[in-house]
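To start, the structure itself, in structure tokens.
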Amino acid sequence: MPRKRKAVSREILPDPKYKSVLLSKFMNCVMERGKKSIAETIVYGALDFLNEKTKRDPLEVFTEAIDNARPLVKVVSRRVGGSNYQIPTEVTVKAGTAIAFRWIISVARNRSEKSMKECLGAELLAAYKKEGTTIKKREDTHKMAEANKAFAHLKW
């Protein structure tokens, strides 16, 4: 946290095609080296892929996939009395969404489809159906928090 004043959060403009701020934030996470047009091509291609597979509004499928992938709790390492404890803490909606973005993008980059559009679309589809590697990461995080519930009193 800054000592002098509160950090100012910048306003992110909605994306041009779907007018969604959430999608615009996702594009910014996909973007590498400032190449926004490439990130837009990848994300819009993934949404077209979702539209073909589900025959539903791709923005609804996207938001539901993000909600399914978002963790509710996480574990934070804390040193107490000479030993480290994994302390479960609740995650805010904003932080949980950022974690879900990172998980989906990293898993999509490790997939072996032909293009990044297909990889990202397939991972979003798997998250929408509550299956796949991203959902497994979320479940593992929740299990770890549940296992370390006894140390929750060390949180302050």
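The values are calculated or read from the model by the stated rules, or taken from the named source; none is laboratory data. What you see is a predicted model; the values in this text were computed from it and never measured. Don't worry about glycine lacking a Cβ; one is built from the backbone with ideal geometry, like all the others, and counts go over all protein chains shown. When the accessible area is computed, the model is the full protein with side chains, heavy atoms only, and any ligands, DNA or RNA have been set aside. Shrake-Rupley method; radii C 1.70, N 1.55, O 1.52, S 1.80 Å.
The figures follow:
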{"quantity": "Candidates 130, 143, 17: whichever shows maximal mean-square fluctuation once the chain is modelled as a Gaussian network with Cα springs under 10 Å", "calculated": "17"}
{"quantity": "Under 21 Å from the Cα of residue 129 - lysines, other chains or at least 8 residues apart", "calculated": "53, 55, 117, 137, 143"}
{"quantity": "Gain on full stretching of the segment that runs from residue 33 to residue 77 - 0.36 nm per residue minus C-alpha separation", "calculated": "12.7 nm"}
{"quantity": "Mean Cα-pair separation over length for the stretch 68-156, i.e. relative contact order, pairs under 8 Å, 6 or more apart, %", "calculated": "40 percent"}
{"quantity": "Residue 152/residue 113 FRET efficiency (R0 35 Å; Cβ-Cβ; nearest 0.05)", "calculated": "0.30"}
{"quantity": "Structure-derived P(r) over Cα pairs in 5 Å bins from 0, in percent: which label, when the choices are [x] 2, 9, 15, 17, 15, 10, 7, 5, 4, 4, 4, 3, 3, 2, 1, 0; [y] 1, 9, 18, 21, 23, 18, 9, 1, 0; [z] 2, 9, 16, 19, 17, 13, 11, 8, 5, 2, 0, 0", "calculated": "[z]"}
{"quantity": "Relative contact order of the chain, pairs being alpha-carbon contacts under 8 Å that are 6 or more residues apart, as %", "calculated": "25 percent"}
{"quantity": "Heavy-atom accessible surface of the chain: percent carbon and sulfur, 1.4 Å", "calculated": "52 percent"}
{"quantity": "Cβ-placed point charges (K, R +1; D, E -1), dipole of the chain about Cα centre in debye, nearest 20", "calculated": "860 debye"}
{"quantity": "For the stretch 46-114 versus the stretch 24-39, the gap between their alpha-carbon centres in whole angstrom", "calculated": "17 Å"}
{"quantity": "Accessible area of the chain divided out per residue, in Å², using a probe of 1.4 angstrom", "calculated": "65 Å²"}
{"quantity": "Interchain or long-range residues, amide H under 5 Å from residue 87's placed H", "calculated": "76, 77, 78"}
